[in-house]
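Report on the structure given below.
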Amino acid sequence: MELVVTNALLLYSPVAKEACRQRLENAVVNIALAIGEIGKAAGGQRMEVPAKIAASCLGEMGNTAAFTRTRKETIAVIFALGEIGKSVMNQSLGDAANCTVTLLGETGKVAASQNFEDAALNAELLLQEIGTGAIEKNLKETADSSVRLLGDIGKTADRQGLERVLLQAAYSLETIKFDAQDRYLVSASLIAEVALMDFENLGLEKLEEKLNKNLRGKRKFPDIDL
């Protein structure tokens, strides 16, 4: 069964690349979501190799989509990577979780660099969810990677002037930091603390006050329509 799933994913890869190259928006979105479903199911069945292949294919698609400034495809890839990441994390598949988190974070960074605010926000929220789950599962490397990548997205957001993305990075780091302290995962807690110290000089309290005024009466984050 694992070989069948692997071969199916390998068939998707060249189709996905061609769809990205030709900027076939709907095709890319559908392929990304399909790969995400396959990778999620593979993770749920503890098939680590297919899950990693699915994540790698999505990571490549995400970089192409973001660098060619195709927002909708980037959001789809981030969502699909998040689904795989949660699946393999829940099954304590450390290698697959590390791979997926790295690709998710890198895609989030590229999204932030292209000013895709909603895509970067989704990446941060997924990294927070996977990171806190990894702490519960004692997947130390996955937790550490989630924290580092949240810090990287926050720094990119600061350079690009994406205030909400920067603030969400800080919120997510605080959440993971406290969870890590509760579970005595010193490494993740320290990495989060260092990242938050880097943000201290950015005036986050004033930024939060400003955003709260602007968003008063509105939803904090927009719905993302795929």
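Values in this text are rule-based calculations from the coordinates and carry no lab data. Nothing here was measured: the structure is a model prediction, and the numbers come from that model. Here Cβ is always computed from backbone atoms with ideal geometry, including for glycine, and neighbour counts include all displayed protein chains.
Computed quantities for the displayed model
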| quantity | calculated |
| --- | --- |
| Dipole magnitude of the stretch 2-215 about its Cα centre (Cβ charges: Lys, Arg +1; Asp, Glu -1), debye to nearest 20 | 500 |
| Degrees, to the nearest 10: 71-90 long Cα axis against longest axis of the chain | 90 |
| Sorted by Cβ density within 10 Å, fewest first, the residues V110, V77, V101 | V110, V101, V77 |
| The chain, helix-only ellipticity at 222 nm - DSSP H runs n ≥ 4, -39,500 (n - 2.57), divided by all residues, nearest 500 | -28000 deg cm²/dmol |
| 15 Å beta-carbon shell around R23, net charge (K/R +1, D/E -1) | +2 |
| Cα centroid separation - the stretch 1-35 against the stretch 83-160, whole Å | 22 |
| Label-point separation, N7 to Q45 (7 Å along Cα→Cβ), nm | 1.4 |
| Ranked by how many other beta carbons lie within 10 Å on average, peptides 33-44, 178-189, 138-149 from highest | 138-149, 33-44, 178-189 |
| Whole-number percent relative contact order across the chain, with pairs defined as alpha carbons under 8 Å at least 6 apart | 15 |
| Nitroxide proxy distance, nm - points 7 Å out along Cα→Cβ at N30 and T175 | 3.3 |
| Among (i) 100; (ii) 186; (iii) 156, the entry derived from the coordinates for volume of the Cα convex hull per residue in Å³ | (i) |
